[in-house]
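The values are calculated or read from the model by the stated rules, or taken from the named source; none is laboratory data. Because the structure is predicted, anything quoted here is derived from the model rather than measured. Virtual Cβ from ideal backbone geometry, glycine too; neighbours counted across all protein chains shown.
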Amino acid sequence: MSENQNNLDASILRGMLGERVSRRQVFGVGAALAGGLTLASGGVAGAALPNAGVGSSSWWKNQSAHDKLHFANWPYYIDTLNGNHPTIDRLESTTGMNVTYTEVIEDNPSFYQRILPSLAAHDNTGYDLIVMTNNSFELAYLIKGGWLIPLDQSKMTNFKKYGSPSVKNPAWDKGNKYTMAWQSGWTTVAYNKKAVTNVSGGLDILFDKKYKGKIGMMADPIELGSIGLLAIGVNPATSKPSDWAKAAAKLRKQRDDGVVAAYYGNDYVGHLKNGDLVASQSYSGDIFQANLSGSKNLVLMTPKQGIMFWTDNMCIPLYAANPRDAMIAMDYFYDPKVQSVLEYYIDYACPVPTAKNELLKPTGWNKATLAAMRSDVGLAPSVTASSPQVFPTAAMTKASKTYYQFKSQSEIDTWNGYFLPIVQGA
């Protein structure tokens, strides 16, 4: 059960779901580095720790389930019904596992700082399963530093059978050695169709001087730099520092021309709704929730230059007390029935495409659960099933771009040197 069971009205909870994006604010880079871990080749403590063999097939064969799991996740990021989480309840009843589910991750940098002292001391962090985002430096720190336990590939049955191609063998974790997707989404552009006419279908809307002072951009340097690269026709995943300089120049001119109203964290949606902004760099989940709550004039774009695809990833921190239980839980969430219940409540991009069928025609325990949740959610499961933000169209999948994978701390410093000053007014 959740230690943070929420007594808020369900409609309020639903309205907050799309705004669970404080995790995108990655200004904690300096704080993260203060912990001593860098992304330099060879890393630091992780590579030298006495953990040889951890995560190997022979190591996993010696791991037994303890029927306990401490699962750390982001707030409002799981199905909820009458203060309980049906998918967690089902996990407990089918495995005998006792799950302590906590909503303690507010952003990647601060959570990384929370667990780093334990990892550095070769100690259990208190969590067996955590969720970290690929478009943040902190997931790279955990992987490169040797702070995650390699997964038991022989126990990823549901993942291999039902997982979407978009979350298998990702750029940030080749072969899914350390991670399995929890949920995904896109960073793209949204506009108010009453205020914007003759939309070209490209990112030029963000740089158009006729919308001076009415365009919103993101304060997150990774998101800002990535959309700048797309705007100059460069794929962020294969970009070079020389491209970063060109993208920064375009973004700086956009700012200096007065086109940008402000650089936002998770508060841009309200400004889109009330007309302060006519268009903004946006997260797909925000706009889906805004549409559901009555803001029908907001339109999510799939620009011809592409959209950025991000993923929140389940992973097992080094020294976890119950790694076998964590593996059981990770694969459990790839059951289409489980995903149908999860998606019906949270509406993010689903890593299990066949969950759509279970939303339309539930075939097991999820049928009664979905029916019970309907009054809470307020919408038919078919609405979730038909959403391209949950089950993307072929066009969205084709347009999806991955983030640049930083190879060294020097690259991180160079990136931030180009894009942070734009946000800071320098």
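Worth a mention:
- Some residue of segment 344-357 being of a type in the set (A, V, I, L, M), surrounded by fewer than 22 Cβ atoms within 10 Å (Cβ to Cβ) and over 21 Å from THR188 (Cα atoms): no
- For LYS240, the criteria (1) of a type in the set (D, E, K, R); (2) at pLDDT below 95; (3) surrounded by fewer than 19 Cβ atoms within 10 Å (Cβ to Cβ) hold in every case but one, which is (2).
- Within segment 172-197, tally of residues that are small (Gly, Ala, Ser), closer than 29 Å to ALA326 by Cβ and surrounded by 13 or more Cβ atoms within 10 Å (Cβ to Cβ): 3
- Contacts under 7 angstrom Cβ, first residue in segment 200-211 being assigned by TED's automatic domain parsing to the domain that holds VAL299, partner assigned to a loop (DSSP other than H, G, I, E, B) and surrounded by fewer than 17 Cβ atoms within 10 Å (Cβ to Cβ), 6 or more apart: GLY201/LYS304; GLY202/LYS304; ILE205/VAL199; LYS209/ASP257
- All conditions in (1) closer than 30 Å to LYS61 by Cβ; (2) under 19 Å from the mean Cα position of the chain (by Cα); (3) of a type outside the set (D, E, K, R); (4) surrounded by fewer than 21 Cβ atoms within 10 Å (Cβ to Cβ) hold for ALA121, with the sole exception of (2).
- Residue selected from segment 345-400 under the condition over 16 Å from ARG90 (Cα atoms) and aromatic (Phe, Trp, Tyr), by the criterion farthest from the chain's Cα centre (by Cα): PHE391
- For segment 198-225, the candidate set comprises residues that are among the β-branched types (Val, Ile, Thr) and within 23 Å of ASN274 (Cβ to Cβ); within that set, the residue that is surrounded by the fewest Cβ atoms within 10 Å (Cβ to Cβ) is VAL199.
- Hits in segment 251-277 (condition: over 20 Å from TYR348 (Cα atoms), among the hydrophobic types (A, V, I, L, M, F, W, C) and out of contact with any Leu (no Cβ under 8 Å at 6 or more places or on another chain)): VAL260, ALA262, LEU277
Residue-by-condition table, conditions (1) of a type in the set (Asp, Glu); (2) under 30 Å from GLY225 (Cβ atoms); (3) at pLDDT below 95:
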site: ASN322; (1), (2), (3): no, no, no
site: LYS356; (1), (2), (3): no, no, no
site: ASN366; (1), (2), (3): no, no, no
site: PRO381; (1), (2), (3): no, no, no
site: THR397; (1), (2), (3): no, yes, yes
site: PRO421; (1), (2), (3): no, yes, no
site: GLN424; (1), (2), (3): no, yes, yes
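- Within the option set LEU151, LEU91, LEU81, LEU129, being buried (at least 17 other Cβ atoms within 10 Å of the Cβ), touching a Ser or Thr at 6+ places or on another chain (Cβ under 8 Å), touching a residue at least 24 places away in the same chain (Cβ under 8 Å) and under 23 Å from GLN63 (Cβ atoms) holds for one residue only, LEU151.
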